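Chemist: I'd like to ask some things about the structure below.
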Amino acid sequence: MTTLETQSLTIRFGGHVAVDAVSCAFRPGELTAIVGPNGAGKTTYFNLISGQLRPSEGRILFDGADITRMTAPLRTRAGLGRAFQLTNLFPNLSVEENVRLAVQARSGTHYDMLRPWRTRRDLIDRADAILDSVALGSRRSVAATALSHGDQRKLEVALMMALEPKVYMFDEPTAGMSVDEVPVVLDLIARLKTDTSKLILLVEHKMDVVRSLADRIIVLHNGRLVADGKPAEVIASPIVQEAYLGIAPGKSAA
């Protein structure tokens, strides 16, 4: 079973400690939401896990292996999927071609002059099935750069799905989306949860999204892990409501 763990993970920028000795283990079959006020270190923690940043101290273990010094591309190949870092890898290619290339990369298929990709019906069918699942089937021939912001977010999810990672990492997946577009992405993540072999991490500030998806919440504040537990317990905690979710004592978390 896939496991992911950070041990005393720390990063400093000059004299500022952005992530401060965070130790946390994540389990398959569980969606963990990472919440906290602006500047709490949520995205920095994500960037450390996915390899965009190197820690000052601490370790990251993935399936028992130390990946602390592994590059971001190698982590992706190992099974760490980070959404919303993949926007418009090929902006002038069509939506279908973007996803087909991700499917091709996942399959290990290399370019063959004697067998053009259009003859690989299996790759095309897989790409089209993924596009249908993210409600982009009707946009498959559109250039990625011509998509709306919401459709670009859906394409990012499709690209990650095509790579079939062991770990799905979503950083504010509904940011910038219209009210009509949000349910599509939330439904996608909910469907990914049904595969209990997968591990899902979600950075999100919208508590209605957290409530609808999370099995567990961890709270960061000033780079430190200050709460970890079931959503109802964490949300109901007075210190979390007041100091980390901006809710005055005695008020509802709604």
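The values are calculated or read from the model by the stated rules, or taken from the named source; none is laboratory data. As the structure is a prediction and not an experimental result, all values here were calculated from the model. For neighbour counting, all protein chains shown are included, and Cβ atoms are generated from backbone atoms with ideal geometry for every residue, glycine included.
Chemist: Tell me, which strands (runs of 3 or more DSSP E) lie completely within the range 162-229 with 3 or more residues that are out of contact with any Leu (no Cβ under 9 Å at 6 or more places or on another chain) and modelled with pLDDT of 90 or more?
Modeler: In the range 162-229, 224-229 are the strands (runs of 3 or more DSSP E) which contain 3 or more residues that are out of contact with any Leu (no Cβ under 9 Å at 6 or more places or on another chain) and modelled with pLDDT of 90 or more.
Chemist: Follow-up. Take residue 157 and tell me if it is within 22 Å of residue 78 (Cβ to Cβ), in the same structural domain as residue 25 (by TED's automatic domain parsing), β-branched (Val, Ile, Thr) and at pLDDT 85 or above.
Modeler: When the stated conditions are applied, residue 157 does not pass them.
Chemist: Further question: Can you list the strands (runs of 3 or more DSSP E) lying wholly within the range 1-106 that have 1 or more residues being in contact with a strand residue (DSSP E or B) (Cβ under 7 Å, 6 or more places away or on another chain) and farther than 30 Å from residue 145 by Cβ?
Modeler: Qualifying strands (runs of 3 or more DSSP E): 4-13, 16-26, 31-35, 57-62.
Chemist: Give me the pairs: first residue in the range 193-210 and more than 20 Å from residue 78 (Cβ to Cβ), second residue basic (Lys, Arg), beta-carbon distance under 8 Å, and six or more apart or on different chains, which are they?
Modeler: These pairs meet every condition: 203/42.
Chemist: Restricting to the range 21-42, give me the number of residues that are surrounded by 15 or more Cβ atoms within 10 Å (Cβ to Cβ) and either closer than 20 Å to residue 209 by Cβ or hydroxyl-bearing (Ser, Thr, Tyr) (or both).
Modeler: 13
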